[in-house]
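No lab work stands behind these numbers, since they all come straight from the coordinates. None of the values given here were measured: they were computed from a predicted structure. A quick note on method: Cβ atoms are made from the backbone with ideal geometry, for glycine too, and the neighbour counts reach across all protein chains shown.
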């Protein structure tokens, strides 16, 4: 027997219309570099998103078409989030921090028809244009007058596109499994992979992330999106916070410690998300300036493990609760959060802190497990470690245009190695691939190795991640020079110039006589980490004094 409940689809348009209807006057603040903060509200977001929808429809955008953004966190980007997705098209947020070849691949693989871009990406767009044949229009996210003064006068402007468009739109009643967003993630090898979100998955993720024992987002909050809107949809907050009626604050391009503190204080921010690097800079500013947050009461930290010293400073020195979250682009991304159980209240502070430093327990709707090399389930005893697997309604089952990536058993293999204890707390112990995580972003060791070995004076090279107090990990090149070579570390680093994103640049080079190999000839990176994992990078001293 089936129930007699309505089959109302879970759609992002329902979040948009609910926010405008129930919280019309709640503010949306966007910081700009050279102008006063832009202020709108949820009623305004609905009107402008409707204009976007009408404009896209006039341009011939259809359901399923991919429309890309190259943009920082701001009100226009938020309008695109809803205007694109709610008509049934796919909002493809492109990460501008990737190097050009990756961005070209991503746009071409997605077959984007239109790309909207912020002013700071004008030069990047001019480089991309001749290499991205599927793109029919490149539209500057601003006023026509600004485009001309910034060297983007040849591009149509967003505001011109919206001028005269109706601010009413009849949102289609889509199938809730319709794709709404697309983000690409890149690991150690191969091309970036597309994660294609659905309306259903995004709405369910919003419910789960807002729960009291997750992020506890409510209409009493002022939520700041610090994680970029091109980084796993700013961890789902552009959907979750409007659904709950929270005031929104977006920082634009500047996320240094001083800028964030001023933003938080001026607009009464209570909750914000970001990678540890952001919060390290924030704490350093608070310490150096001798100031304290007066409204911020909790932060969501993820992307990479939160350092104990950072957690201690935020919680003990400034009274800001740290919600230690784990997830991936493939998990929408909130999957686990480390929060204490009621029975832990009697434990010592150090015991509670040790547990909080773990990646945490699965939020409702998500299941996690660990498997051995033969795909056998391992015990949750806090000792056995294996491949971390996950499943749930907002977890990717396969990658875009890669049907072969779907597993028959219905689980997603994360590529991380972890333990899970008797209480369900998961802790990442290693990475099954040799990816380097720097400031919450991934750097491919394979790519850096291939470039090093392309140098005519290098016979073999390996790249490992070395601990860094600010960035968590930074790349170290360990290389063997060809016989007779006098190549210097500076010369090898110079060889990388122009071939990779600047933040991928290795921090140091060590020349050795030989690299360790196993019996089959495979490079032993575990041995390299044993030998050089404690190497002191020259950038560490700068990080301490800079």
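Given a Förster distance of 56 angstrom, what is the FRET efficiency for residue 120 paired with residue 408, based on the Cβ-Cβ distance and rounded to 0.05?
For R0 = 56 Å, the calculated efficiency reads 0.80.
Mind checking Rg over Rh on the range 12-326, alpha carbons, Kirkwood formula for Rh?
0.95
When the Kirkwood hydrodynamic radius is evaluated over all pairs of different C-alpha atoms of the chain, what value in angstrom, to one decimal, is obtained?
24.6
Could you tell me what percent of the DSSP beta bridges with both partners in the chain are antiparallel, to the nearest 5?
55
When a/c is below 1.5 the answer is rounded, else prolate if a/b is larger than b/c, else oblate, so apply that to the range 290-369 with a ≥ b ≥ c taken from the square roots of the Cα gyration tensor eigenvalues.
oblate
Which value at 222 nm does the chain reach when only helices count, each DSSP H run of 4 or more adding -39,500 (n - 2.57), with the total divided by all residues and rounded to the nearest 500 deg cm²/dmol?
-8500 deg cm²/dmol
Roughly what % antiparallel, to the nearest 5, for the DSSP beta bridges in the range 12-326?
Rounded to the nearest five, the antiparallel share is 25 percent.
Which three semi-axes in whole Å describe the equivalent ellipsoid of the range 362-431, each the square root of 5 times a Cα gyration tensor eigenvalue, listed largest first?
Each semi-axis is √(5λ); the values are 22, 14, 10 Å.
By count of other Cβ within 10 Å, fewest leading, how are 442, 394 ordered?
Fewest to most other Cβ atoms nearby, the residues stand as 442, 394.
Give the order of 472, 534 when sorted by the count of other beta carbons within 10 angstrom, beginning with the fewest.
Ranking 472, 534 by Cβ neighbours within 10 Å, fewest first, gives 534, 472.
With the Cα gyration tensor of the range 91-132 giving a ≥ b ≥ c as the square roots of its eigenvalues, does the rule (a/c under 1.5 for rounded; else a/b larger than b/c for prolate; else oblate) give rounded, prolate or oblate?
Judged from the Cα gyration tensor, the range 91-132 comes out rounded (a/c under 1.5).
Computed FRET efficiency, Cβ-Cβ of residue 513 and residue 450, R0 30 Å: what is it to the nearest 0.05?
Computed FRET efficiency for residue 513 and residue 450: 0.90.
Full extension from residue 309 to residue 353: what is 0.36 nm times the residue separation minus their Cα-Cα distance, to one decimal in nm?
Contour length minus the Cα-Cα distance gives 14.8 nm.
Could you tell me whether the range 4-87 comes out rounded, prolate or oblate from its Cα gyration tensor? Rule is a ≥ b ≥ c as square roots of the eigenvalues, rounded for a/c under 1.5, then prolate if a/b exceeds b/c, otherwise oblate.
Oblate is the answer for the range 4-87, as a/c is 1.5 or above yet b/c matches or exceeds a/b.
For the pair residue 459 and residue 38, how long in nm is the line joining their label points, each one 7 Å along Cα→Cβ?
Between residue 459 and residue 38, the label points sit 5.8 nm apart.
What number, in percent, do you get for the relative contact order of the chain if the mean sequence gap of Cα pairs under 8 Å and at least 6 apart is divided by its residue count?
Normalised by residue count, the contact order of the chain is 10 percent.
Fully extended, how many nm does the chain gain between residue 100 and residue 422 (0.36 nm per residue separation, minus their Cα-Cα distance)?
This chain segment gains 111.4 nm when fully extended.
Say each of residue 254 and residue 376 gets a label point 7 Å from the Cα, pointing the same way as Cα to Cβ; how far apart are those two points in nm?
5.8
As a footprinting exposure proxy, order 105, 82 by other Cβ within 10 Å, with the fewest listed first.
105, 82
Evaluate E = 1/(1 + (r/R0)^6) for residue 149 and residue 318, where r is the Cβ-Cβ distance and R0 equals 35 Å; express this FRET efficiency to the nearest 0.05.
After rounding to 0.05, the efficiency reads 0.30.
When DSSP assigns beta bridges and you keep just the ones with both residues in the range 264-371, what percent turn out antiparallel, to the nearest 5?
40
Pop a pseudo-label 7 angstrom from the Cα along the beta-carbon direction at both residue 345 and residue 383 and give the gap in nm to one decimal.
It is 3.2 nm.
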